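The values are calculated or read from the model by the stated rules, or taken from the named source; none is laboratory data. None of these values were measured; they are calculated from a predicted model. No Cβ is skipped: glycine too gets one built from the backbone with ideal geometry, and neighbour counts run over all protein chains shown. Side chains are part of the model used for accessible areas, which takes the heavy atoms of the whole protein and leaves out ligands, DNA and RNA. Shrake-Rupley method; radii C 1.70, N 1.55, O 1.52, S 1.80 Å.
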Amino acid sequence: MSKQTKSDANEHVNPHGGVDIDFDHSEAKPVSVAAKQTNWSQFGVLISVFFFWGFVAASNSIFIPFCKMYFNLDQIQSQLIGSAFYGAYFYGSLFLYLMSYLSGTDILNKIGYKKGIIYGLLISVIGALSLAVISGSENPTFPMILVSFFIIALGFSLQQTSAQPFAISLGSEETGAHRLNMAGGVNSFGTLLGPLIVSFLLFGALTSTQEADISNIQKLYFFLAGLFTFAAIIFSVAKLPKTTSNEKLEKSPKAMYVLLLIGLLFLPVLFADAIHEQTGIAKSAVIITSLVLILGTLFTSMFMAKRNPTGWGAMSYPQLVLGMIAIFIYVGVEVTVDNNFGALLMRPEFGGYDEKHNSHLIALYWGSLMIGRWTGAVSVFNFSRSTKRMLTIVVPFFAFGIIVLANWIKGSPIEDYKYYPLYIVALIAANLYAQERPIKLLLSVSLLAAIFITISLLTTGMIANYSIIATGLCASVMWPCLFALALAGLGKYTSQGSAFLITMILGGAIIPPTQGAIIDLDLGSEVNGVTTGPYTHLSYIVPLLCFLYLVWHTIKTRSVLKEQGLDFDKQVAGGH
């Protein structure tokens, strides 16, 4: 895993390619660079790639219920799309870190971030072409679909690791945060459009009688492969500044062994179906066992490192290991809330939406993440306090208006959105209450998300649907807060800690099938092809437990930091 440059130590790529700015005011000062204008032509190419990272990740929400029906899968099997996608992020990051560790050289820093992006794009081209060819074949198979998604995401992993310092280098360091937030906003726009466009390609317009077929997406992935190729060519011929780091590669053998062990513990999840066929062991047992062992490994590592910090590197800091677990949980809950949503929406008491008619609600969930991230970006700009407060109120509704417009153009039933602004008001209240303080904000939105999920478990219909969707508003601002708390006080281990945190995107690969295992308890309880059992609804207790854990994490991490003399919210308040 590469290190960040000193100039980008406080900026991090989120799981879907957006970049969030954290609140870490560490002692390290950015390296002075000559002021220069942003190269907008080069940056325009970069943010187009950010768009498609979000586009592909969010479109999984439409592919999952479609593949479940098309390939006659159970819920756990359908969730393997997410497992392959987010698992690739982990294994790609782990491989890069191991290569750097064994060679004693930061591999990505050695080849350069420009080449890192190019190589990542070419890997994604291979994945997109394979998916296009497979989807257009006479007998497409689900395992080959999974392999294609894995390859695409493997390329994304390398692209995202390289893109952050690259964006910083395309202008002055002082305006780097603005470029990264713009890229993150474009990424969130991609997550909004992904479900809508993929739904249209699969099913046609809502009034059409187009028969859903996986071959309908062939053009999309040929188009994506072409765009990735075009971007790779542009990057290869452009004269771009070389962004590297002179920081020493910190070796942490015990931490490396932990990451390797986690990689081994996750493998059974990818092969849960084969294990079940060969041994008869339930797929749910395989997945839940892997989940428990991975979390157990992380907690055990924290206690062992506390007793003897030698050889643990960044993991010798309890806030970092707590942050790794929290990122694992956060990415997992962000993905599982939505990836299993299609199964719930098919139930009559939740609207009876089939996979053709649910894209507007899926898009609203990802759009809610866009609302929150655009609102969070207000804090980056040097506005007066009163202007920031005004924008904190105006920006969320402006973003909501874009969501409504996009769905209106598609022909979606936007009347289903009419009461959702009430939930947006709750997000605005949380932001105004927190006043940009990460601990206060994280605690507020975690509690709010737990309340929303509780409401969804106690109700049905659009109130339950709104409450599930609104957790996206809360999750949207968690990533930078979690990163800031985890990296506080790490000093020379900040870059290594950031790399370890990014590997925990793995949570998006294992928590969704865990919820899917509960949904599969309803198998056999169908009437006219519609599930009637209670477990699909009850499965949302998994996100509830995740959000409650994040509440505990915030309180625990605040205590850990105070023991080290770090009053984080007070420090941030003093920086404004």
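Descriptive notes on the structure:
- The range 396-490 shape via C-alpha gyration tensor axes, a/c threshold 1.5: prolate
- Computed label-point distance, nm, for sites residue 103 and residue 126 using a 7 Å Cα→Cβ extension: 1.7 nm
- Scattering profile of the range 78-152 at q = 0.15, 0.18, 0.23, 0.24 Å⁻¹ [log10 I(q)/I(0), Debye over alpha-carbon scatterers]: -0.61, -0.79, -1.02, -1.07
- Cross-link pairs out of 251/492; 440/556; 254/306; 68/356; 254/492 include none exceeding 19 Å in C-alpha to C-alpha distance.
- On the beta carbon distance between residue 277 and residue 303, with R0 = 51 Å, the FRET formula returns roughly 0.85.
- Cα gyration tensor shape of the range 44-85, rounded if a/c is under 1.5, else prolate or oblate by comparing a/b with b/c: prolate
- Trypsin sites (Lys or Arg not before Pro) restricted to DSSP loop in the range 405-486 with at most 11 other C-beta within 10 Å: 418
- Solvent-accessible surface of protein heavy atoms, probed at 1.4 angstrom with all chains present, puts 437, 307, 385, 373 in the order 307, 385, 437, 373, largest first.
- Distance cut-off 27 Å, percentage of C-alpha pairs in the range 233-392 lying past it: 59 percent
- Rounded, prolate or oblate (a/c below 1.5 giving rounded, otherwise prolate when a/b exceeds b/c) for the range 305-385 by Cα gyration tensor: oblate
- Placing pseudo-labels 7 Å out from each Cα toward the beta carbon at residue 460 and residue 521 gives an inter-label distance of 1.8 nm.
- Potential extension, residue 432-residue 398 segment - 0.36 nm per residue separation minus Cα distance: 10.5 nm
- Rounded Å value of the spacing that divides the Cα centres of the range 80-109 and the range 391-418: 38 Å
- Within the range 43-80, the chymotrypsin sites (Phe, Trp or Tyr not before Pro) that combine a DSSP coil assignment with at most 15 other C-beta atoms in a 10 angstrom radius are 71.
- Measuring only protein heavy atoms, the 1.4 Å probe finds residue 91 accessible over about 50 Å².
- With the convex hull of its Cα atoms as the shape, the range 386-443 has an orientation-averaged projected area of 4.6 nm².
- Counting only Cα atoms, the size of the range 445-549 along its three principal axes is 60, 25, 17 Å, in decreasing order.
- Most to least accessible of 273, 520 (protein chains only, probe 1.4 Å): 273, 520
- Inter-label distance, nm, simple model (7 Å from Cα along the C-beta direction), residue 390/residue 556: 4.4 nm
- FRET E, pair residue 215, residue 115, Förster distance 45 Å, beta-carbon r, rounded to 0.05: 0.80
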